[in-house]
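To keep things clear, I will list the structure first and then write my remarks on it.
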Ligand SMILES: [Mg+2]
């Protein structure tokens, strides 16, 4: 099949305003006065970020949602995305597979009010590689950052933790008796788009590599230290059920796509009110102090010794 037919069949119907039906060398995107662009990019590789027999629509949705989560972390409203596909020959990624993949994109375009602006497709000698660059907007100067936490701030997290880490291990057949909903959450996470936390939180990021490692990024960028309290971490009962045997896996997590926030004490009420209006649970899990590094204290106040910190990219 030719590249142009392929794009027309699967992606033309996803093209939004400014994409000019994917018939030109590029696309346009309109910005209002006082807005600026927020851009983020994420790649998923077969065998590394998804398995060849994962449903194609869930792969598409996860790809979009990881990117949407990065925009949420920046306090940005998502608008469009670009899609790059590097397609290996002679595999099961045929027309039927891409029809299901595009259906996943279409479902999330609707849910998150975004559209496709362009991209590229190419053959590849490697596994299937999927890349999305997402484009969002924010009022000028109001993007959230990782470097604003100050000693005395509280550390907060949206939603709950550990679901995807357990879901992945269940998917790989390494842990039995895991609630199927956790596997589903691993495949299709829920990015926290739609909050407006500029002027409330002092630092923000999304949790993709795991709570402790990602707290480390905020601490390092801010020049502060973070102390987390194990007993304050929010877990579903279906996650807590595995705590005895898989405590480190659950505490270090990964793939949560919740927001990790630091908030000055005088803004805590505003943070809780804002999240509650949008039905987003938010929990204080720790505090920012002077110094460097991240530690987690158990219920006796003793630092927990971990054998690793989180997901390693290389
Ligand atoms: Mg991120």
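Data table
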{"item": "Over the range 3-139, volume per residue of the alpha carbon convex hull, in Å³", "result": "100 Å³"}
{"item": "Antiparallel bridges, percent of DSSP beta bridges restricted to the range 3-139 (to nearest 5)", "result": "65 percent"}
{"item": "Between the range 1-64 and the range 190-204, the alpha-carbon center distance in angstrom", "result": "25 Å"}
{"item": "For peptides 25-32, 260-267, sequence by mean Cβ density within 10 Å, most packed first", "result": "260-267, 25-32"}
{"item": "Equivalent ellipsoid, the range 154-297 (semi-axes from 5 times Cα gyration tensor eigenvalues, Å)", "result": "26, 17, 12"}
{"item": "Kirkwood Rh, Cα atoms: Rg over Rh of the chain", "result": "0.99"}
{"item": "Computed log₁₀ I(q)/I(0) - Debye formula, equal Cα scatterers, no solvent, the range 188-272, q 0.25 Å⁻¹", "result": "-1.40"}
{"item": "Extension reserve of the residue 290-residue 217 stretch, reckoned as 0.36 nm per residue once the Cα distance is removed", "result": "24.8 nm"}
{"item": "Order by protection proxy (mean Cβ within 10 Å, highest first), peptides 158-165, 83-90", "result": "158-165, 83-90"}
{"item": "Burial ranking of peptide ranges 238-250, 210-222 (average Cβ count within 10 Å, highest at the top)", "result": "210-222, 238-250"}
{"item": "DSSP beta bridge pairing in the chain, given as percent antiparallel to the nearest 5", "result": "70 percent"}
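Coordinate-derived values only; no laboratory data. Remember, it's a predicted structure, so these values are computed and weren't measured experimentally. Positions of Cβ are backbone-derived with ideal geometry, glycine not excepted, and every protein chain shown enters the neighbour counts.
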